[in-house]
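Just below is one structure, and these are the notes that go with it.
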Amino acid sequence: MTKAIILGIETSCDETAAALFHSHELIHHITATQLVHTSYGGVVPEYASREHNKLLGPVVKSVLEQADMDLSMIGSIAVTQGPGLAGSLLVGLSYAKGLAMGLNVPIYGINHIEGHIFANFIGQEQLPTPFLCLLVSGGHTQLIHVQQAQVYKLIGQTRDDAAGEAFDKVARLLGIGYPGGPLIDQLSQDGDPKFHRFSRSSFPRSYDFSFSGLKTNVLQYIQKHDPGFIKTHLADIAASFQEAVVDVLSNQAIQAAKDLKLDRIVLAGGVAANSRLRQRMTELGQLHELELFQPDLRYCTDNAAMIAYMGYWKAVLQQPDLLDIAAIPNLKLSFGQ
Ligand code: KG4
Ligand code: ZN
(Lines give C-alpha, C1' and ligand atoms only; values in the text may rest on other atoms or scores of the structure.)
(Ligands and ions follow the chains in the order given, each with its own letter.)
Protein backbone atom coordinates (compact mmCIF):
# COMPACT_ATOMS: atom_id res chain seq x y z
CA MET A 1 0.00 0.00 0.00
CA THR A 2 3.07 2.26 0.23
CA LYS A 3 2.57 5.51 -1.69
CA ALA A 4 -0.81 4.34 -3.02
CA ILE A 5 -2.91 6.52 -0.77
CA ILE A 6 -4.91 9.54 -1.99
CA LEU A 7 -5.25 12.36 0.53
CA GLY A 8 -8.36 14.51 -0.08
CA ILE A 9 -8.64 18.04 1.32
CA GLU A 10 -11.79 20.19 1.39
CA THR A 11 -11.87 23.80 2.64
CA SER A 12 -14.26 25.57 0.25
CA CYS A 13 -16.67 26.94 2.84
CA ASP A 14 -17.05 26.24 6.56
CA GLU A 15 -16.07 22.58 6.84
CA THR A 16 -12.42 21.67 7.27
CA ALA A 17 -12.14 18.11 6.03
CA ALA A 18 -9.60 15.43 5.12
CA ALA A 19 -10.02 11.91 3.73
CA LEU A 20 -7.83 8.97 2.82
CA PHE A 21 -8.61 6.68 -0.09
CA HIS A 22 -6.89 3.61 -1.44
CA SER A 23 -7.75 3.62 -5.14
CA HIS A 24 -11.59 4.07 -5.19
CA GLU A 25 -12.06 2.84 -1.62
CA LEU A 26 -12.52 5.07 1.40
CA ILE A 27 -10.19 4.34 4.30
CA HIS A 28 -11.15 7.13 6.67
CA HIS A 29 -12.41 10.71 6.68
CA ILE A 30 -12.90 13.55 9.14
CA THR A 31 -15.06 16.66 8.81
CA ALA A 32 -14.62 19.48 11.33
CA THR A 33 -17.60 21.84 11.16
CA GLN A 34 -16.66 25.38 12.13
CA LEU A 35 -18.95 26.52 14.93
CA VAL A 36 -17.70 30.11 14.98
CA HIS A 37 -20.33 31.18 12.39
CA THR A 38 -23.42 30.01 14.28
CA SER A 39 -23.98 33.25 16.19
CA TYR A 40 -23.66 35.35 12.99
CA GLY A 41 -26.48 33.57 11.14
CA GLY A 42 -24.24 32.71 8.18
CA VAL A 43 -20.66 31.99 7.18
CA VAL A 44 -18.25 34.91 7.82
CA PRO A 45 -15.58 34.44 5.10
CA GLU A 46 -12.76 36.03 7.12
CA TYR A 47 -13.40 33.74 10.08
CA ALA A 48 -13.77 30.72 7.80
CA SER A 49 -10.25 31.05 6.37
CA ARG A 50 -8.81 31.71 9.82
CA GLU A 51 -10.47 28.55 11.16
CA HIS A 52 -9.25 26.48 8.18
CA ASN A 53 -5.74 27.71 8.92
CA LYS A 54 -6.08 26.56 12.51
CA LEU A 55 -7.86 23.27 11.85
CA LEU A 56 -6.45 21.83 8.63
CA GLY A 57 -3.09 20.63 9.98
CA PRO A 58 -4.66 18.87 13.01
CA VAL A 59 -7.46 17.38 10.84
CA VAL A 60 -4.93 15.85 8.41
CA LYS A 61 -2.83 14.60 11.33
CA SER A 62 -5.90 13.02 12.98
CA VAL A 63 -7.14 11.31 9.82
CA LEU A 64 -3.69 9.73 9.35
CA GLU A 65 -3.42 8.71 13.00
CA GLN A 66 -6.90 7.22 13.10
CA ALA A 67 -6.13 5.21 9.94
CA ASP A 68 -2.82 4.11 11.44
CA MET A 69 -0.93 5.70 8.53
CA ASP A 70 1.71 8.36 8.03
CA LEU A 71 2.59 10.99 5.43
CA SER A 72 5.07 8.72 3.68
CA MET A 73 2.18 6.53 2.44
CA ILE A 74 0.49 9.36 0.53
CA GLY A 75 0.88 8.92 -3.23
CA SER A 76 -1.26 11.83 -4.45
CA ILE A 77 -3.24 14.78 -3.15
CA ALA A 78 -6.72 15.87 -4.28
CA VAL A 79 -7.77 19.34 -3.15
CA THR A 80 -10.83 21.49 -3.78
CA GLN A 81 -9.91 24.19 -6.30
CA GLY A 82 -13.37 25.84 -6.48
CA PRO A 83 -16.07 26.98 -6.36
CA GLY A 84 -16.06 28.42 -2.87
CA LEU A 85 -14.83 31.28 -0.71
CA ALA A 86 -11.55 32.65 -2.08
CA GLY A 87 -9.72 32.81 1.26
CA SER A 88 -10.93 29.38 2.37
CA LEU A 89 -9.95 27.74 -0.92
CA LEU A 90 -6.52 29.35 -0.71
CA VAL A 91 -5.82 27.84 2.70
CA GLY A 92 -6.54 24.29 1.47
CA LEU A 93 -4.76 24.76 -1.83
CA SER A 94 -1.61 26.28 -0.29
CA TYR A 95 -1.45 23.50 2.28
CA ALA A 96 -1.93 20.85 -0.42
CA LYS A 97 0.72 22.38 -2.67
CA GLY A 98 3.25 22.55 0.18
CA LEU A 99 2.59 18.93 1.06
CA ALA A 100 2.72 17.78 -2.57
CA MET A 101 6.05 19.53 -3.02
CA GLY A 102 7.46 18.18 0.23
CA LEU A 103 6.36 14.61 -0.51
CA ASN A 104 7.09 14.90 -4.23
CA VAL A 105 3.66 13.55 -5.19
CA PRO A 106 1.13 14.72 -7.85
CA ILE A 107 -1.68 17.13 -7.04
CA TYR A 108 -5.20 17.15 -8.49
CA GLY A 109 -7.37 20.28 -8.27
CA ILE A 110 -10.95 19.15 -7.79
CA ASN A 111 -14.17 20.89 -8.80
CA HIS A 112 -16.27 20.82 -5.62
CA ILE A 113 -19.47 20.42 -7.66
CA GLU A 114 -18.12 17.32 -9.40
CA GLY A 115 -17.23 16.03 -5.94
CA HIS A 116 -20.88 16.40 -4.86
CA ILE A 117 -22.13 14.51 -7.93
CA PHE A 118 -19.60 11.70 -7.61
CA ALA A 119 -20.28 11.41 -3.85
CA ASN A 120 -23.11 9.07 -4.81
CA PHE A 121 -20.68 6.44 -6.03
CA ILE A 122 -17.94 6.48 -3.38
CA GLY A 123 -16.38 3.02 -3.30
CA GLN A 124 -17.38 2.17 -6.87
CA GLU A 125 -15.01 1.57 -9.76
CA GLN A 126 -17.67 2.26 -12.40
CA LEU A 127 -20.16 5.09 -12.90
CA PRO A 128 -23.77 4.22 -13.89
CA THR A 129 -23.86 6.81 -16.69
CA PRO A 130 -25.82 8.27 -18.37
CA PHE A 131 -28.00 9.87 -15.71
CA LEU A 132 -29.80 13.07 -14.80
CA CYS A 133 -28.36 14.85 -11.77
CA LEU A 134 -30.38 17.19 -9.57
CA LEU A 135 -27.64 19.26 -7.96
CA VAL A 136 -29.00 21.22 -4.99
CA SER A 137 -26.60 23.00 -2.66
CA GLY A 138 -26.12 26.36 -0.97
CA GLY A 139 -24.79 27.92 -4.17
CA HIS A 140 -26.23 25.75 -6.95
CA THR A 141 -29.53 24.42 -8.25
CA GLN A 142 -29.00 22.71 -11.56
CA LEU A 143 -30.31 19.82 -13.63
CA ILE A 144 -27.36 18.21 -15.37
CA HIS A 145 -27.32 15.47 -17.97
CA VAL A 146 -24.23 13.44 -17.07
CA GLN A 147 -23.42 11.61 -20.30
CA GLN A 148 -20.24 10.00 -18.96
CA ALA A 149 -17.59 10.86 -16.36
CA GLN A 150 -16.76 14.54 -16.83
CA VAL A 151 -19.08 15.00 -19.83
CA TYR A 152 -21.93 17.24 -18.74
CA LYS A 153 -24.82 19.07 -20.35
CA LEU A 154 -26.74 21.75 -18.47
CA ILE A 155 -30.48 21.16 -18.71
CA GLY A 156 -31.80 23.82 -16.33
CA GLN A 157 -30.75 26.02 -13.43
CA THR A 158 -32.02 28.57 -10.97
CA ARG A 159 -32.51 32.07 -12.28
CA ASP A 160 -32.02 33.59 -8.82
CA ASP A 161 -31.53 31.91 -5.41
CA ALA A 162 -30.20 28.38 -5.01
CA ALA A 163 -32.47 25.92 -3.17
CA GLY A 164 -30.15 25.77 -0.13
CA GLU A 165 -29.95 29.55 -0.09
CA ALA A 166 -33.77 29.69 0.00
CA PHE A 167 -33.81 27.30 2.99
CA ASP A 168 -31.21 29.45 4.78
CA LYS A 169 -32.98 32.76 4.01
CA VAL A 170 -36.42 31.50 5.04
CA ALA A 171 -34.97 30.05 8.26
CA ARG A 172 -33.65 33.55 9.01
CA LEU A 173 -37.08 35.08 8.26
CA LEU A 174 -38.66 32.59 10.63
CA GLY A 175 -36.01 33.34 13.25
CA ILE A 176 -35.02 29.70 13.67
CA GLY A 177 -31.29 30.18 13.14
CA TYR A 178 -28.43 28.81 11.09
CA PRO A 179 -27.81 26.53 9.24
CA GLY A 180 -31.33 26.86 7.91
CA GLY A 181 -31.73 23.73 5.79
CA PRO A 182 -31.32 21.08 8.48
CA LEU A 183 -33.33 23.18 11.00
CA ILE A 184 -36.30 23.61 8.64
CA ASP A 185 -36.11 19.90 7.78
CA GLN A 186 -36.21 19.00 11.48
CA LEU A 187 -38.94 21.50 12.40
CA SER A 188 -41.09 20.39 9.47
CA GLN A 189 -41.36 16.87 10.93
CA ASP A 190 -43.95 18.32 13.36
CA GLY A 191 -45.69 20.54 10.80
CA ASP A 192 -48.49 20.24 8.26
CA PRO A 193 -47.13 20.63 4.71
CA LYS A 194 -50.63 21.55 3.50
CA PHE A 195 -51.11 24.31 6.13
CA HIS A 196 -50.54 27.06 3.54
CA ARG A 197 -49.85 26.82 -0.18
CA PHE A 198 -46.84 29.01 -0.94
CA SER A 199 -46.09 30.01 -4.54
CA ARG A 200 -44.34 27.63 -6.95
CA SER A 201 -42.47 29.17 -9.89
CA SER A 202 -41.91 27.56 -13.26
CA PHE A 203 -41.05 28.75 -16.74
CA PRO A 204 -42.73 27.52 -19.93
CA ARG A 205 -40.57 25.29 -22.15
CA SER A 206 -37.72 25.46 -19.63
CA TYR A 207 -36.32 23.35 -16.82
CA ASP A 208 -35.14 26.46 -14.95
CA PHE A 209 -35.99 27.19 -11.32
CA SER A 210 -36.71 30.32 -9.30
CA PHE A 211 -36.90 30.55 -5.51
CA SER A 212 -36.78 34.28 -4.80
CA GLY A 213 -40.55 34.70 -5.34
CA LEU A 214 -41.21 31.92 -2.83
CA LYS A 215 -38.96 33.62 -0.29
CA THR A 216 -40.84 36.93 -0.78
CA ASN A 217 -44.10 35.03 -0.49
CA VAL A 218 -43.03 33.65 2.93
CA LEU A 219 -41.90 37.14 4.02
CA GLN A 220 -45.28 38.65 3.05
CA TYR A 221 -47.10 35.86 4.88
CA ILE A 222 -45.08 36.55 8.04
CA GLN A 223 -45.74 40.31 7.78
CA LYS A 224 -49.49 39.74 7.32
CA HIS A 225 -49.91 37.65 10.48
CA ASP A 226 -49.31 38.55 14.10
CA PRO A 227 -46.14 37.21 15.76
CA GLY A 228 -48.12 34.97 18.14
CA PHE A 229 -49.80 33.18 15.22
CA ILE A 230 -46.46 32.73 13.43
CA LYS A 231 -44.87 31.36 16.59
CA THR A 232 -47.71 28.87 17.15
CA HIS A 233 -47.60 27.70 13.54
CA LEU A 234 -43.83 27.83 12.98
CA ALA A 235 -43.59 24.11 12.16
CA ASP A 236 -46.59 24.31 9.79
CA ILE A 237 -45.11 27.29 7.93
CA ALA A 238 -41.69 25.59 7.70
CA ALA A 239 -43.29 22.38 6.40
CA SER A 240 -45.40 24.32 3.85
CA PHE A 241 -42.34 26.21 2.57
CA GLN A 242 -40.32 22.97 2.36
CA GLU A 243 -43.18 21.32 0.48
CA ALA A 244 -43.13 24.09 -2.14
CA VAL A 245 -39.36 23.68 -2.70
CA VAL A 246 -39.60 19.88 -2.84
CA ASP A 247 -42.58 20.04 -5.24
CA VAL A 248 -40.71 22.22 -7.72
CA LEU A 249 -37.41 20.32 -7.52
CA SER A 250 -38.90 16.85 -7.78
CA ASN A 251 -41.47 17.59 -10.49
CA GLN A 252 -38.92 19.34 -12.68
CA ALA A 253 -36.33 16.56 -12.23
CA ILE A 254 -38.81 13.79 -13.07
CA GLN A 255 -40.11 15.69 -16.11
CA ALA A 256 -36.58 16.32 -17.42
CA ALA A 257 -35.56 12.67 -16.95
CA LYS A 258 -38.66 11.49 -18.84
CA ASP A 259 -38.22 14.01 -21.65
CA LEU A 260 -34.55 13.07 -22.06
CA LYS A 261 -35.41 9.36 -21.81
CA LEU A 262 -32.99 8.89 -18.91
CA ASP A 263 -33.94 6.17 -16.47
CA ARG A 264 -31.59 7.17 -13.64
CA ILE A 265 -31.76 10.22 -11.39
CA VAL A 266 -28.96 11.20 -9.03
CA LEU A 267 -29.36 13.69 -6.16
CA ALA A 268 -26.34 15.73 -5.12
CA GLY A 269 -25.39 18.60 -2.79
CA GLY A 270 -26.34 19.68 0.72
CA VAL A 271 -30.09 19.87 0.06
CA ALA A 272 -29.97 16.20 -1.04
CA ALA A 273 -29.90 15.55 2.74
CA ASN A 274 -33.47 16.90 3.02
CA SER A 275 -35.69 14.11 4.30
CA ARG A 276 -38.83 15.26 2.46
CA LEU A 277 -36.96 15.59 -0.86
CA ARG A 278 -35.49 12.11 -0.42
CA GLN A 279 -38.91 10.67 0.44
CA ARG A 280 -40.67 12.37 -2.47
CA MET A 281 -37.99 11.42 -4.98
CA THR A 282 -38.15 7.80 -3.78
CA GLU A 283 -41.94 7.74 -4.28
CA LEU A 284 -41.81 9.44 -7.69
CA GLY A 285 -38.89 7.29 -8.78
CA GLN A 286 -40.91 4.15 -8.08
CA LEU A 287 -44.01 5.57 -9.74
CA HIS A 288 -42.14 6.47 -12.94
CA GLU A 289 -39.83 3.43 -12.85
CA LEU A 290 -36.68 5.51 -12.54
CA GLU A 291 -33.63 4.31 -10.66
CA LEU A 292 -32.80 6.80 -7.89
CA PHE A 293 -29.37 7.43 -6.36
CA GLN A 294 -29.14 9.51 -3.20
CA PRO A 295 -25.81 10.13 -1.48
CA ASP A 296 -25.27 8.64 1.94
CA LEU A 297 -26.22 11.40 4.44
CA ARG A 298 -22.56 11.69 5.51
CA TYR A 299 -21.59 12.72 1.97
CA CYS A 300 -24.43 15.16 1.14
CA THR A 301 -22.94 18.22 2.79
CA ASP A 302 -19.32 19.26 2.33
CA ASN A 303 -16.74 16.55 3.05
CA ALA A 304 -13.34 15.43 1.83
CA ALA A 305 -14.33 11.87 0.96
CA MET A 306 -16.02 13.13 -2.22
CA ILE A 307 -12.89 15.17 -3.05
CA ALA A 308 -10.51 12.22 -2.61
CA TYR A 309 -12.83 9.94 -4.61
CA MET A 310 -12.94 12.55 -7.40
CA GLY A 311 -9.13 12.55 -7.17
CA TYR A 312 -9.20 8.83 -7.95
CA TRP A 313 -11.33 9.56 -11.04
CA LYS A 314 -9.17 12.43 -12.21
CA ALA A 315 -6.11 10.20 -11.97
CA VAL A 316 -7.94 7.67 -14.18
CA LEU A 317 -9.12 10.28 -16.69
CA GLN A 318 -6.37 12.86 -16.98
CA GLN A 319 -2.89 14.11 -16.09
CA PRO A 320 -2.08 15.64 -12.68
CA ASP A 321 -2.23 19.42 -12.34
CA LEU A 322 0.81 21.65 -12.07
CA LEU A 323 1.84 23.04 -8.72
CA ASP A 324 0.82 26.54 -9.78
CA ILE A 325 -2.93 25.74 -9.96
CA ALA A 326 -4.98 28.65 -8.66
CA ALA A 327 -8.05 28.81 -6.44
CA ILE A 328 -11.10 29.59 -8.63
CA PRO A 329 -13.94 30.90 -6.43
CA ASN A 330 -16.50 30.79 -9.28
CA LEU A 331 -15.30 27.58 -10.93
CA LYS A 332 -18.06 26.06 -13.09
CA LEU A 333 -18.61 22.58 -14.44
CA SER A 334 -17.57 22.49 -18.05
CA PHE A 335 -20.69 21.95 -20.14
CA GLY A 336 -20.63 20.59 -23.68
CA GLN A 337 -23.45 20.84 -26.20
O1 KG4 B 1 -23.37 21.29 -0.49
P2 KG4 B 1 -23.32 22.11 0.73
O3 KG4 B 1 -22.85 21.49 2.02
O4 KG4 B 1 -22.45 23.39 0.51
C5 KG4 B 1 -22.38 24.02 -0.71
O6 KG4 B 1 -21.55 23.55 -1.55
O7 KG4 B 1 -23.19 24.97 -0.91
O8 KG4 B 1 -24.79 22.68 0.91
C9 KG4 B 1 -25.13 23.52 1.96
C10 KG4 B 1 -26.60 23.85 1.83
C11 KG4 B 1 -27.05 24.88 2.85
O12 KG4 B 1 -27.81 25.87 2.19
C13 KG4 B 1 -27.91 24.06 3.80
O14 KG4 B 1 -28.93 24.81 4.42
C15 KG4 B 1 -28.47 23.00 2.88
O16 KG4 B 1 -27.40 22.67 2.04
N17 KG4 B 1 -28.92 21.79 3.60
C18 KG4 B 1 -30.20 21.40 3.66
C19 KG4 B 1 -30.23 20.25 4.50
N20 KG4 B 1 -28.95 20.00 4.92
C21 KG4 B 1 -28.15 20.96 4.35
N22 KG4 B 1 -31.31 21.90 3.08
C23 KG4 B 1 -32.47 21.28 3.33
N24 KG4 B 1 -32.58 20.20 4.13
C25 KG4 B 1 -31.49 19.65 4.73
N26 KG4 B 1 -31.64 18.58 5.53
ZN1 ZN C 1 -20.81 21.84 -1.25
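Here are the numbers:
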{"read-out": "5 angstrom amide H check on ARG264, placed H, neighbours 5+ away", "value": "LEU132, GLU291"}
{"read-out": "Candidate lysines - alpha carbon under 22 Å from LYS54, same-chain residues fewer than 8 apart omitted", "value": "LYS97"}
{"read-out": "Residue-wise HN-Hα coupling along the range 90-104, computed from phi with Karplus coefficients 6.51, -1.76, 1.60 (Hz; x: Gly, Pro)", "value": "4, 4, x, 5, 5, 4, 5, 5, x, 5, 4, 5, x, 8, 6"}
{"read-out": "Charge context of PRO179, other residues only, Cβ under 15 angstrom, K/R +1, D/E -1", "value": "-4"}
{"read-out": "The chain, helix-only ellipticity at 222 nm - DSSP H runs n ≥ 4, -39,500 (n - 2.57), divided by all residues, nearest 500", "value": "-13000 deg cm²/dmol"}
{"read-out": "Greater than 28 Å apart at Cα, pairs in LYS3/LYS61; LYS261/LYS332; LYS258/LYS314", "value": "LYS258/LYS314"}
{"read-out": "Those aspartates and glutamates that a straight Cα-Cα span of less than 19 Å connects to LYS153, excepting residues fewer than 8 apart in one chain", "value": "GLU114, ASP208, ASP259, ASP263"}
{"read-out": "Peptides 270-278, 44-52 ordered by average Cβ neighbours within 10 Å, highest first", "value": "270-278, 44-52"}
{"read-out": "Rounded accessible area per residue of the chain, 1.4 Å, Å²", "value": "44"}
{"read-out": "Neighbourhood net charge (12 Å Cβ-Cβ; Lys/Arg +1, Asp/Glu -1) for HIS37", "value": "-4"}
{"read-out": "For peptides 24-32, 322-330, 307-315, 242-250, sequence by mean Cβ density within 10 Å, most packed first", "value": "307-315, 242-250, 24-32, 322-330"}
{"read-out": "The chain - percent of accessible surface contributed by carbon and sulfur, probe 1.4 Å", "value": "51"}
{"read-out": "For the range 276-282, 3J(HN,Hα) per residue [Karplus equation, 6.51 cos²θ - 1.76 cosθ + 1.60, θ = phi - 60°, Hz, x = Gly/Pro]", "value": "5, 5, 5, 5, 5, 5, 5"}
{"read-out": "Hits among lysines - C-alpha to C-alpha of LYS194 under 22 Å, sequence gap 8 or more where chains match", "value": "LYS169, LYS215, LYS224, LYS231"}
{"read-out": "Taking the chain and dividing mean pair separation by its residue count, relative contact order in percent (alpha carbons under 8 Å, at least six apart)", "value": "25"}
{"read-out": "Gained length - TYR221 relative to LYS261, 0.36 nm times residue gap less alpha-carbon distance", "value": "10.5 nm"}
{"read-out": "Dipole magnitude of the chain, debye to nearest 20 (Cβ charges: Lys/Arg +1, Asp/Glu -1, about Cα centre)", "value": "620"}
{"read-out": "Whole-number percent relative contact order across the range 85-155, with pairs defined as alpha carbons under 8 Å at least 6 apart", "value": "17"}
{"read-out": "Contact order normalised by residue count of the range 13-110, Cα under 8 Å, 6+ apart, percent", "value": "27"}
{"read-out": "Over the chain - Rg/Rh using Cα atoms and the Kirkwood inverse-distance radius", "value": "0.99"}
{"read-out": "Global size of the range 129-294 as Cα Rg and Dmax, reported in angstrom", "value": "15.8, 53"}
{"read-out": "Size of charge dipole - the range 129-294 - debye, nearest 20, with Cβ of Lys, Arg +1 and Asp, Glu -1, no other charges", "value": "280"}
{"read-out": "Surrounding net charge for LEU154, when Lys and Arg each add one and Asp and Glu each subtract one, Cβ distance under 12 Å", "value": "+1"}
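The values are calculated or read from the model by the stated rules, or taken from the named source; none is laboratory data. Source: prediction; values computed, not measured. Because the Cβ atoms are built from the backbone with ideal geometry, glycine has one as well, and the counts that use them run over all protein chains shown. Ligands, DNA and RNA are stripped out before the accessible areas are found, and what is left, the full protein with its side chains, is counted by its heavy atoms. Shrake-Rupley method; radii C 1.70, N 1.55, O 1.52, S 1.80 Å.
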